[in-house]
Amino acid sequence: MKTLKRRYLHEKIMITFIAFNTVAVLTPLIIILVYVFVQGIGAINLDFFTQELGSPSRAMTGRPTGLVHTIIGTLVVDALAILIALPFGIGAGVMLSEYPDHKLNPVMRVMNDTLNGMPAVLKGLLAWALVVKPMGGFSGLSGGVALAVVMLPIIARSTESALMNIPWSIREAGLAIGLPRWRVIASVVIPASKAGLVTGVLIAFARAVGEAAPLLFTSFGNNYKSSYLLGWTFGPVDTLPQRLYSLAISPYPEWHQLGWAAGIVLLFFVIVSFAIARIVVREKY
Amino acid sequence: MIEMSRISKVNNVNITNTEKITPPKDLSLRLESKKLSVMYGSSYGVKDISIPIYDKKVTALIGPSGCGKTTFLRALNRMHDLTQNARVKGSVLLNGKDIYAPKVDPVVIRRKLGMVFQKPTPFPTMSIYDNVIAGLKLVGIKNKLILDEVVEKSLRHAALWEEVKDRLKTPGGSLSGGQQQRLSIARALAVEPDVLLMDEPTSSLDPQSTTRIEELIHKLKKTVTIIIVTHNMQQAARVSDYTAFFYLGGLIEFNTTSKMFTVPDNKRTEDYLTGKFG
């Protein structure tokens, strides 16, 4: 039997240990945030948000240059991706959680996990084969499809676990007042797990927003704004992670700084979408 | 001592009652199970249960844990349809029609056989108001006048109206456990079922809330038929008119409550009721 004093000592050691670990995990994150911010803030100005990138000479001769086309492109491609991934991902998650006896589920679960573990660049290849090849050119749409495939397995899994968190008795209570099964899912189970669902979708979104590899041969990249409106979906488009990469490997110091600034915008984009989603699902009850 | 005197009181009342109405032909049959068995895989949950459920009477299902009383209850409104490896054999006649007949829609059946669970189950994101009318609103009844009326009627029926009438828009989850259970009852009553199935409705409640639910059962049997599963034999004695004793998945005895608790036909029933086993 340990003495009370010793148990208190154990308690203190454990708390110190946990606190240390927390700090250790957060430190790299803070270093990244601060470093990106310090390096890139100099390039953030009005031009950055209003001008296109153009050729390298623009930056080198000090003419106004920016990434407006990249920011718009990112919004378009990510919006397309989430529009495509959401119904399929939520649908698969509902199927896995609510119809556990369905014959297809074991297969679907394995395929979903495989898809989740597949390198993102292969998903780009898939979108290239499915969209770019038949349509005859690089497009924002194909980038959206590639990112949707990145999001899909994450959304499916997180939806499944969010719905599983709702006690089974709640579903039975719904059935017991004579509601059809789909009604119970749509009106009782899904609203009850809303916060979990949105968090899962956000994690998937945040993951896809940062992906550059699947976009290399789908949305391809572009130094200019699209010349026509539909060009944002049917022509080659620029996106932040991919632009960040190409700016970083370019030989021009001015572009390096633009790359850091692109990093700030990308981070800001993710943080803002998290904040908005949090406000939207704020628990009323 | 209080418990005991209450039992004898209930028994006395019932004895006089049953003497008046003893011939079951005076009673109309609401529900009847015929050789009902529920199998999980290859093992029986309950086997060959045949009992009559009389209209506007309270029937209690008692027995030790794992004896199959809940399994039997859930077979009465086709809740086992959702259990992966459960199979139901035999038949359940509701108003003379088999609910397990082909082409019978379980959704329709469940509107006629409401259910109240062991733990209160208010729908988490809904207000008290929305909880009560969930069974109506979600199938397309939108008329506010009708819904308002149903809410008040059901909550009054469930003896909850006075406590919540000023805060119908607050979440159902904000009520106390006992109130949540009465809300669950109100929600079940809102769709006007013929039969109310109660699966240990008071086992997660404090004694005061338990008393309120029991009083409620007494009132409710004027309008609905009630089947209640209970671990608590005193409760069975207090609230029910008929009692079925289950043991190891089989029905040992079905009798009027007064007879069962005074001079049971079966030795095992007597042993169980006097605490010799179980």
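We did not get these values from a lab; they are worked out from the coordinates using the rules stated. From a predicted model like this one, the values you see are computed outputs, not experimental measurements. Ideal geometry is used to build each Cβ from the backbone, glycine not excepted, and the neighbour counts take in all protein chains shown.
Among the trypsin sites (Lys or Arg not before Pro) within segment B:162-218, those in coil by DSSP and having at most 12 neighbouring Cβ atoms inside 10 Å are B:LYS169. Beta-bridge orientation, the protein assembly as shown: approximately 60 percent antiparallel, per DSSP, counting only bridges with both partners inside.
Can you flag which of B:LYS144/B:LYS222; A:LYS103/B:LYS137; B:LYS89/B:LYS267; B:LYS165/B:LYS219; A:LYS194/B:LYS169 are past 24 Å Cα-Cα? Spell out each step's value before the answer.
On the way: B:LYS144/B:LYS222 28 Å; A:LYS103/B:LYS137 33 Å; B:LYS89/B:LYS267 29 Å; B:LYS165/B:LYS219 20 Å; A:LYS194/B:LYS169 20 Å.
As for pairs spanning more than 24 Å Cα to Cα, those are B:LYS144/B:LYS222; A:LYS103/B:LYS137; B:LYS89/B:LYS267.
Would you mind classifying chain A by shape? Square roots of the alpha carbon gyration tensor eigenvalues, ordered a ≥ b ≥ c; an a/c under 1.5 is rounded, otherwise it is prolate if a/b is larger than b/c and oblate if not. Because a/c hits 1.5 or more and a/b fails to exceed b/c, chain A counts as oblate.
Around B:VAL195, with a cut-off of 12 angstrom between Cβ atoms, what is the net charge of the other residues, counting Lys and Arg +1 and Asp and Glu -1?
Numbers: positive: B:ARG30, B:LYS56, B:LYS57, B:ARG110, B:ARG111, B:LYS112, B:LYS221; negative: B:GLU32, B:ASP55, B:GLU192, B:ASP194.
Value of the local net charge: +3.
Relative to the longest principal axis of the Cα atoms of chain B, the long axis of helix B:207-220 lies at roughly 90 degrees.
Rounded, prolate or oblate, given the Cα gyration tensor of segment A:2-43, with a/c below 1.5 counting as rounded?
Because a/c hits 1.5 or more and a/b exceeds b/c, segment A:2-43 counts as prolate.
With contributions of -39500 (n - 2.57) from each DSSP H run of at least four residues, the per-residue ellipticity at 222 nm computed over the protein assembly as shown stands at -17000 deg cm²/dmol.
Sorted by average packing, counted as other Cβ atoms within 10 angstrom per residue and highest first, what order do A:225-236, A:60-71 take? Display every interim value, and only then the final one.
Details: A:225-236: 15.5, A:60-71: 18.0.
Taking the mean over residues of other Cβ atoms within 10 Å, the ranking is A:60-71, A:225-236.
Just want the answer: with Cβ charges of +1 for Lys and Arg and -1 for Asp and Glu, which residue in B:PHE123, B:ASN143, B:CYS67 is farthest toward the dipole's positive end in chain B? The Cα lying farthest towards the positive end belongs to B:ASN143. Counting Cβ atoms of other protein chains within 10 Å of each residue's Cβ and taking the mean over peptide B:106-118 gives 3. If you find the alpha carbon centre of segment A:1-74 and of segment B:256-273, how far apart are they in angstrom? Answer, in whole Å: 74.
Amide H to amide H distances under 5 Å link B:SER37 with B:ASP48, B:ILE49, B:LYS89, B:GLY90, where only residues 5 or more positions off or on other chains count and H is placed in the peptide plane.
Return the average number of partner chain Cβ atoms within 10 angstrom of each residue Cβ along peptide B:131-143.
3
Once you sort the root eigenvalues of the Cα gyration tensor of segment B:140-225 as a ≥ b ≥ c, which label holds: rounded (a/c under 1.5), prolate (a/b larger than b/c) or oblate (the other case)? Oblate is the answer for segment B:140-225, as a/c is 1.5 or above yet b/c matches or exceeds a/b. Averaged over the residues of peptide B:121-130, the number of Cβ atoms from other protein chains lying within 10 Å of each residue's Cβ is 5. Taking the fewest neighbouring Cβ atoms within 10 Å as the starting point, the ordered list for A:LEU216, A:LEU147 is A:LEU216, A:LEU147.
Cα centroid distance between segment B:73-119 and segment B:220-237, in Å? Centre-to-centre (Cα) distance: 19 Å. So what's the gap between the Cα centers of segment B:155-213 and segment A:201-237, to the nearest angstrom? With segment B:155-213 and segment A:201-237 each reduced to a Cα centre, they are spaced 54 Å. Using Cβ point charges alone (K and R +1, D and E -1), the dipole size of the protein assembly as shown about the Cα centre works out to roughly 880 debye. When you restrict to C-alpha pairs under 8 Å that are six or more residues apart and normalise by the size of segment B:67-172, the relative contact order lands at 24 percent.
On a straight-distance basis, which aspartates and glutamates could pair with B:LYS142 in a cross-link, Cα separation under 20 angstrom, same-chain partners fewer than 8 positions away excluded? Excluding near neighbours in sequence, the set is B:ASP130, B:GLU152, B:GLU192. Between helix A:140-164 and chain A there is an angle of about 20 degrees, using the helix long axis and the longest principal axis of the Cα atoms. Relative contact order of segment A:67-284, taken over Cα pairs closer than 8 Å and 6 or more residues apart, is 29 percent. Considering only the other residues whose Cβ falls under 15 Å of the Cβ of A:PRO100, what net charge follows from Lys and Arg at +1 and Asp and Glu at -1? Summing Lys/Arg as +1 and Asp/Glu as -1 gives 0.
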